[in-house]
Each structure stands twice: as C-alpha cells, then as structure tokens.
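Here's the structure we're looking at; comments come further down.
The values are calculated or read from the model by the stated rules, or taken from the named source; none is laboratory data. This is a predicted model, so every value here is computed, not measured. Heads up, the Cβs are rebuilt from the backbone with ideal geometry, glycines too, and the neighbour counts pull from every protein chain shown.
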Amino acid sequence: MENYYEILEVSSKASEEIIYKAYKTLAKKYHPDANPVDKKQWAEEKFKKLNEAYEVISNKEKREEYDRELKRREQQNLIRNEDLKIKYEKLYEQNQILKNELANLTSNSSNNANIINNNKETMYNNMQNQINQKITQSVNKAYNDAYIQRMRDYGYRIYHKKTLKERIRDLISIVITITVVIIIMIILWQIPAVRNYIENNKIFQAFKNSFFK
C-alpha cells in the first residue's frame with residue numbers, strides 16, 4: 001500500500017489547502033511536458049501517482065477510509081517488526097548459550113591439552129561456523145518472510161521458483177500419471193463391450209480414418 005501523503009510530500013495531518021498547494025507545485029514539477037525527453041517516461045509515472053494520491057486525499061470520505069487502512073497497515077508492520085525483534089533476540093540468546101558451552105568445553109578439556117592443542121582451533125572454527133550459519137539462515141528466513149508478506153500487502157505477486165528437486169518430482173508425477181492412464185486404457189481395451197463401443201464410436205472412426213488410412 002503506497003503512502004499518498006509521502007507522494008504529495010505533506011503530513012498526514014495537512015489541511016485541504018496545504019494539500020492542494022502541494023499538488024499544484026508537484027504537478028508542475030512532474031508534468032511530462034515540463035521534463036526533457038529522456039525523463040518523460042519517469043515524469044509520466046510520477047504524474048500518474050501524484051494524481052492518484054490527490055484523488056484520494058482530496059476527497060473527504062476517501063481520505064478517511066484511506067487513513068483507517070493506512071493506520072491498520074502501520075500497526076501490522078509494527079507487530080511484524082516486533083516479532084522480528086523477538087526472534088532476533090532469541091537467536092542472540094541461543095548464540096550466547098552456544099558460545100558459553102563452547103567456552104566450557106574448552107576449559108574442561110585442560111586434561112587433554114596435547115590433543116586439544118592440535119585440534120582446538122579446527123574444532124572452534126567448525127562450531128563457530130555452524131553457529132554463524134544457523135543464525136544467518138534463521139535471520140534471513142525471518143526477514144525474507146517479512147519482506148514477502150509486505151510485498152503481498154502492497155499487491156505484488158510473489159512467484160516461487162522451483163528447485164531442480166521439485167521439477168524432477170513434478171516430472172515423475174506426470175510420467176506416473178500418463179503410465180497409469182495408458183494401463184487403464186489397455187485394460188479397458190481388453191473388455192469386448194468397451195472395445196466394441198469405442199470402435200463403433202463416430203469420433204474414434206473419424207480419428208482412425210484421418211491418421212490410419
């Protein structure tokens with residue numbers, strides 16, 4: 001959902017007079033005829049958005065309805081951001097716990113100093129990499145889910161690009177379906193009543209005459 005107040009460059013509390021003046025000023029600025037040829041398409045898009053915003057904000061009933069919807073979306077975003085904050089804090093706590101466990105493991109292994117000295121750095125790096133990877137994946141997933149949801153709120157369609165594994169699974173499903181259909185057709189063909197019905201069918205006769213002359 002686009003913020004019409006930002007498009008008009010006014011406050012959400014702006015009066016009708018201020019909104020009208022802002023619209024007139026921006027309309028002159030973004031009018032396609034007032035911009036060079038290389039910026040004409042950009043100006044047309046800006047001008048279109050400006051008119052769309054002014055049409056809503058200049059109408060009292062439409063503005064009230066838009067303000068309610070805008071407030072609802074903002075509250076949703078606040079809740080979503082708060083959820084992301086909580087998830088991040090939990091991941092941070094888990095990271096601290098894992099680091100403490102790693103520190104304890106290192107300190108409790110002093111009796112095996114000779115072995116640990118040879119493998120400690122490798123062990124620490126591997127564990128640290130696993131911790132960082134887990135945190136990165138979780139945070140990226142949380143932000144990606146939030147981004148996709150926000151794009152859907154704005155009216156965009158989100159397309160999922162299938163992986164190779166999914167494509168192979170779809171192909172196998174199609175092959176299995178075709179195979180089952182062929183087997184059923186073969187079985188039905190062995191039944192005399194069904195075979196006679198198909199052979200006497202006008203559509204089948206026309207198909208046979210067209211391709212098997």
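Which of the helices (runs of 4 or more DSSP H) contained wholly in the stretch 2-63 include at least 3 residues that are within 21 Å of residue 74 (Cα to Cα)? Steps first, please.
Values: elements: 4-8, 16-30, 40-57.
Filter on the stretch 2-63 gives 4-8, 40-57.
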Any residue at all in the stretch 72-84 that's modelled with pLDDT of 90 or more and either surrounded by fewer than 11 Cβ atoms within 10 Å (Cβ to Cβ) or under 33 Å from the mean Cα position of the chain (by Cα) (or both)?
yes
Taking residue 101 as the residue in question, decide whether it is under 30 Å from residue 141 (Cβ atoms) and assigned by TED's automatic domain parsing to the domain that holds residue 125.
yes
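Considering only residues that are under 16 Å from residue 62 (Cα atoms) and exposed (fewer than 14 other Cβ atoms within 10 Å of the Cβ), which ones fall in the stretch 13-43?
Restricting attention to the stretch 13-43, the residues satisfying the condition of being under 16 Å from residue 62 (Cα atoms) are 13-16, 19-20.
Result: 13, 15, 16.
Filter the stretch 159-198 down to residues that are part of a loop (DSSP other than H, G, I, E, B) and surrounded by 10 or more Cβ atoms within 10 Å (Cβ to Cβ), then give me how many there are. Break it down into steps so the answer makes sense when it comes.
Filtering the stretch 159-198 for residues part of a loop (DSSP other than H, G, I, E, B) gives 159-163, 190-191.
From the residues that got through so far, the ones that are surrounded by 10 or more Cβ atoms within 10 Å (Cβ to Cβ) too are 162, 191.
Residues flagged as part of a loop (DSSP other than H, G, I, E, B) and surrounded by 10 or more Cβ atoms within 10 Å (Cβ to Cβ) within the stretch 159-198 amount to 2.
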Quick check on the stretch 111-131. Is at least one of its residues modelled with pLDDT under 75, surrounded by fewer than 13 Cβ atoms within 10 Å (Cβ to Cβ) and either in contact with a helix residue (DSSP H, G or I) (Cβ under 6 Å, 6 or more places away or on another chain) or of a type in the set (Asp, Glu) (or both)?
yes
For residue 34, state whether it is small (Gly, Ala, Ser) and over 30 Å from residue 146 (Cα atoms).
yes
